[in-house]
Amino acid sequence: MLSGRKRKIRIGSRCDSAENFPESSGHFRIWMLALGIIIATGAIIFRLYSLQVVAYEDYRLLAEGQHTLFSKLIPKRGEIFFQDKDKPYPAAVNQETKLAYAVPKEIENREETAKFISATLGLDEKILLEKFSNPEDQYEPLKHRLTDEEIQKIEDQKLAGIHLADETYRYYPSGELAANLLGFVGWNGDELLGRYGIEGYFDKDLKGEIGNLESNRDTLGRWISVGKRLLTPAKDGTGVVLTIDHIIQYEAERILKGAMEKFQAENGLIIVMEPETGKILAMAQAPGFDPNQYGEVADASVFRNLSVSSPYECGSVFKTITLASAIDAGKINPDTTYNDTGLVQEAGYGIKNSDEKAYGKQTMTQVLEKSLNTGAIFAEKQLGNRGFYDYVTRFGFGETTGVEIAGESAGSIANLKNLKSAIQFFTASFGQGITITPIQLVSAFASIANGGVLMKPQITEKVIYSDGQEQTVNPQEIRRVISPETAVKISEMLRSVVVNGHGKRADVPGYQVAGKTGTAQVASTTSQGYETGKSIGSFAGFAPLDNPKFAVLVKMENPKTVQWAESSAAPTFGELMKFLLEYADIEPTEKYTQKDLEIFNQTHDLKEIYLKKQQIEREKQKKLEEQQKINEQK
């Protein structure tokens, strides 16, 4: 009985356990299911949080297209402005356009897409196929600055993986105006670079700072959605306001182009500087180019800014520097005389006056009036080779001025390093055998106009930072070159050149203008001599004499209709100086008649010549367009 009860109990125990098992198993499964749901829900919530909050910006950018990210990483280029009275005038600005780009992973038919894009955008089909080959690639730029026709074709076709996006490009509102000063912005692959001029010199500041995206990626280079991302937005470039006066620049270019037409010169330039500050008010050059269409220029040499990058032997205009130096050193004065025999013999060479004449007893003022080579040599001898070299360097020759324009040259006064070579110093005294840049020359004349103080040429008025803050650039004094007394004496001698000498056509009725001509030979690039039949005409000067507001240099290379600078550079200078004095509302100090003005206008017709040429070209263009319409209708 005992064992039976025990068995019954054991059996009964197993039966009770079997009856309770389904209920506890069900609870367990419910709890496990609930736990699974909680874990899954948490994972989903975490995933949504990570996608919609943590990685929101990244995925928003992906949703909008990879180019949106590209835009946030590429800064806007700083803009460039001229002066226009008291307000800025746009010189180089950013314009909105369209960019075509591809997302290769979205492209459905690579061959057909490449064929269409090649035909529409004029791109190489094989290169396009290579760009479309990576299925993980999110962004491939195809073409910048699309035309309206190209945009319309792409929009109409609606190809998968081909998109359009906004972008900016460099635009020059005034076309050719100051193009050789401004330079341009061009593509180098997918990178925009400033080239030449202001765009090249300030490229680093103008283009700003590229943004950066740091992201954790997997072994295939794909973004990890919950990984670390750090987006550093781009910093826009710094804007630049130039010292260039828009109106003066415009007028200088019109007069220069008229001179080029009248005198049939190969090239020419004009620099207008404010003597007291060194600010450059105009820097004109011809021929020029349109920076909006720089790719159509056949000869890249036209991009160079000749005012800073093209040293030349300036000729007799340099006699001003020689005589100013000798006067300042106390070796001569304006009335010092010498006997001009018309010839100086040195080291087997005979140096003559440009007209090959002898004038006998002459003063130093007459040396400038008649532009006598022998008189310049006489002054250099009194000064001595060491003294002459020191003054030449004090005036700034042989070193760059530091003007903020790409490509500046220092010129060369290497011939003067051998102090025992008298012949080199003799020729240098009248501007041969050494090379200087136009910006150095106008700065030297401006220093005389400024009472003997040399200022650094200034092209930047102020800078505008990306945060809106502005910083004005102050004029910078380099050094005193000559005394105020010497500056007055040499200025009066230069006035005498305009009244009595070769500079008559540079004069302006009602004002006292001072300046000096220079007709120089062109050094040969293939031999040690000079080019036959070629010359460079220069005129440098300033006005008004008692309180100079403008220093101007005119340089014309190889004019074919006239021989001497007094017939080319001097009248060009005079016509521009008249405009400058009137533009600045400077009251006349000298008596003049209506007849004086009429004579001046008859002999200073460069702007009229330019305007007539422009009118003829417009009429030709109009007829051409009309003929094209007729042909299209046929």
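Just so you know, all these numbers are worked out from the coordinates, no wet-lab data involved. Since we're looking at a predicted model, the values are computed, not measured. Heads up, the Cβs are rebuilt from the backbone with ideal geometry, glycines too, and the neighbour counts pull from every protein chain shown.
In a reduced charge model with +1 at each Lys and Arg Cβ and -1 at each Asp and Glu Cβ, region 243-590 shows a dipole moment near 1220 debye about its Cα centre. Computed from Cα atoms, the angle from the helix 2-49 axis to the main principal axis of the chain rounds to 20 degrees. Each other residue within a Cβ distance under 11 Å of I478 adds +1 if Lys or Arg and -1 if Asp or Glu, for a net charge of +2. Here the chain is assigned +1 on the Cβ of each Lys and Arg and -1 on the Cβ of each Asp and Glu. Its dipole about the Cα centre then comes out at about 1960 debye. Counting only residues at least eight positions apart within a chain, or on another chain, the lysines with an alpha carbon under 25 Å from that of K613 are K257, K262, K555, K560, K578, K622, K623, K629. Comparing S316, Q152, H604 along the charge dipole axis of the chain, the residue lying farthest to the positive side is Q152, per the Cβ-charge model. Rounded to the nearest 10 degrees, the inclination of helix 148-157 to the longest alpha-carbon principal axis of the chain is 10 degrees. Excluding the site residues themselves, the longest part of the chain lacking any GluC sites (Glu not before Pro) in a DSSP loop with at most 10 other Cβ atoms within 10 Å is 357-634. Applying both filters, DSSP loop and at most 15 other Cβ atoms within 10 Å, to the trypsin sites (Lys or Arg not before Pro) of region 585-625 gives K591.
Taking 25 Å as the cut-off for C-alpha to C-alpha distance, list the pairs among K352/K549; K370/K417; K87/K143; K504/K534 that go past it.
Values: K352/K549 36 Å; K370/K417 29 Å; K87/K143 36 Å; K504/K534 23 Å.
Exceeds cut-off: K352/K549; K370/K417; K87/K143.
With respect to the chain, whose longest principal axis is taken over its alpha-carbon atoms, helix 246-263 is tilted by about 60°. Which one of N109, L99, Y171 has its Cα pushed farthest toward the positive end of the charge dipole of region 88-200, where Lys and Arg give +1 and Asp and Glu give -1 at the Cβ? Farthest towards the positive end: Y171. Taking the DSSP beta bridges with both ends in the chain, the antiparallel portion is around 95 percent.
Relative intensity of region 243-590 on a log10 scale, I(q)/I(0) at q = 0.09, 0.14 Å⁻¹, equals -0.45, -1.12, per a Debye sum over C-alpha point scatterers of equal strength in the absence of solvent. Debye-formula intensities of the chain, expressed as log10 I(q)/I(0) at q = 0.07, 0.10 Å⁻¹, are -0.60, -0.95 (one equal scatterer per alpha-carbon, no solvent).
With Cβ to Cβ distances under 11 Å as the rule, what net charge do the other residues near A514 carry (K, R +1; D, E -1)? Spelling it out: positives minus negatives among the neighbours equals -1.
What value, in deg cm²/dmol to 500, does the helix sum -39500 (n - 2.57) over DSSP H runs of n ≥ 4 give at 222 nm once divided by the residues of the chain? If you can, show how the numbers build up before the last one.
Working: 21 runs with 258 residues, N = 634.
Calculated mean residue ellipticity at 222 nm is -12500 deg cm²/dmol.
Taking 0.36 nm per residue of sequence separation and removing the Cα-Cα distance, the E346/Q469 pair yields an extension gain of 38.1 nm.
At most 16 other Cβ atoms within 10 Å and a DSSP loop assignment: could you name the trypsin sites (Lys or Arg not before Pro) in region 494-567 that fit? Numbers along the way, then the final one.
Values: sites: R495, K504, R505, K516, K534, K549, K555, K560; in loops: K549, K560.
Those satisfying the criteria are K549, K560.
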